[in-house]
Amino acid sequence: LQSVTLDTGAVVDASYMFSGCSSLQSVTLDTGAVTSASQMFYGCSSLQSVTLDTGAVVDASYMFYGCSSLQSVILTGLTRGVSVANASLSSTALDALYTSLGTAAGSQTITVSGNYGTTGDNPSIATGKGWTISGS
């Protein structure tokens with residue numbers, strides 16, 4: 001599986017949906033109703049770009065674990081903690097991610113350690129929305 005385009009507008013639990021799809025490179029999904037995205041892309045080592053509506057997500061644990069090729073991730077409206085550690089995100093990509101986030105729901109952390117862009121990113125974009133940044 002290298003590419004997926006799905007109408008998943010009614011899906012609420014996307015946990016493990018693409019877990020282990022090591023050849024998956026691109027995804028186009030309607031994820032507006034998804035509340036659980038836990039391990040959704042776990043081990044998708046070839047995944048390069050993801051744009052998702054994550055405003056309803058309450059669990060994004062290990063969503064991008066093992067996604068070392070990830071170069072662009074937009075999580076529109078996300079209010080819960082997530083990790084994009086050890087990916088391939090530039091400072092521009094990290095800033096775009098921070099911009100896409102919603103206001104943190106309480107005490108929430110986004111982990112960005114292991115991305116080469118952490119030397120020039122602007123974490124204040126996210127901290128201004130109540131997020132704690134780990135690894136920048």
What pairs come out if I take residues in the range 57-80 that are assigned to a strand (DSSP E or B) and pair them with residues that are at pLDDT below 95 and hydroxyl-bearing (S, T, Y) whose C-beta lies under 6 Å away, six or more apart or interchain? S72/S49; I74/T51; L75/T54
Quick check on my filter: what residues within the range 21-35 are farther than 12 Å from S49 by Cα, β-branched (V, I, T) and open to solvent by 30 Å² or more (accessible area, probe 1.4 Å)? T35
A14 - would you say it is open to solvent by 30 Å² or more (accessible area, probe 1.4 Å) and farther than 24 Å from G130 by Cβ? no
Please specify each residue of the range 32-46 satisfying the condition of being in contact with a strand residue (DSSP E or B) (Cβ under 8 Å, 6 or more places away or on another chain) and either without any contact (Cβ under 8 Å) to a residue 24 or more places away in the chain or farther than 17 Å from L97 by Cβ (or both). G32, V34, T35, S36, S38
For the range 34-56, give me each residue that is closer than 17 Å to T79 by Cβ, part of a loop (DSSP other than H, G, I, E, B) and either polar (S, T, N, Q) or in contact with a Gly (Cβ under 7 Å, 6 or more places away or on another chain) (or both). T35, S38, T54, G55, A56
Taking the range 51-75 as the search range and keeping residues that are at pLDDT 95 or above, polar (S, T, N, Q) and over 16 Å from T111 (Cβ atoms), which one is most open to solvent (accessible area, probe 1.4 Å)? Q71
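I'd like the full set of residues that are of a type in the set (S, T, Y) and either surrounded by fewer than 16 Cβ atoms within 10 Å (Cβ to Cβ) or over 21 Å from A104 (Cβ atoms) (or both), limited to the range 36-50. First the steps, then the outcome.
Kept after step one, since they are of a type in the set (S, T, Y), are these residues of the range 36-50: 36, 38, 42, 45-46, 49.
Passing the criteria: Y42, S45, S46, S49.
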In the range 97-128, anything aliphatic (A, V, I, L, M), more than 21 Å from C44 (Cα to Cα), open to solvent by less than 40 Å² (accessible area, probe 1.4 Å) and part of a helix (DSSP H, G or I) is listed as A126
Lone unmet requirement of (1) modelled with pLDDT under 95; (2) assigned to a loop (DSSP other than H, G, I, E, B); (3) more than 25 Å from G106 (Cα to Cα) for T31: (3)
Any idea which of (1) under 21 Å from G114 (Cβ atoms); (2) modelled with pLDDT of 95 or more; (3) out of contact with any helix residue (DSSP H, G or I) (no Cβ under 8 Å at 6 or more places or on another chain); (4) among the small types (G, A, S) is the one S23 doesn't satisfy? (1)
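The values are calculated or read from the model by the stated rules, or taken from the named source; none is laboratory data. Just so it is clear, the model here is predicted, and its values are computed rather than measured. Note that we place each Cβ from the backbone using ideal geometry, even for glycine, and neighbour counts take in every protein chain shown. For accessibility, only protein heavy atoms count, side chains too; no ligands or nucleic acids. Shrake-Rupley method; radii C 1.70, N 1.55, O 1.52, S 1.80 Å.
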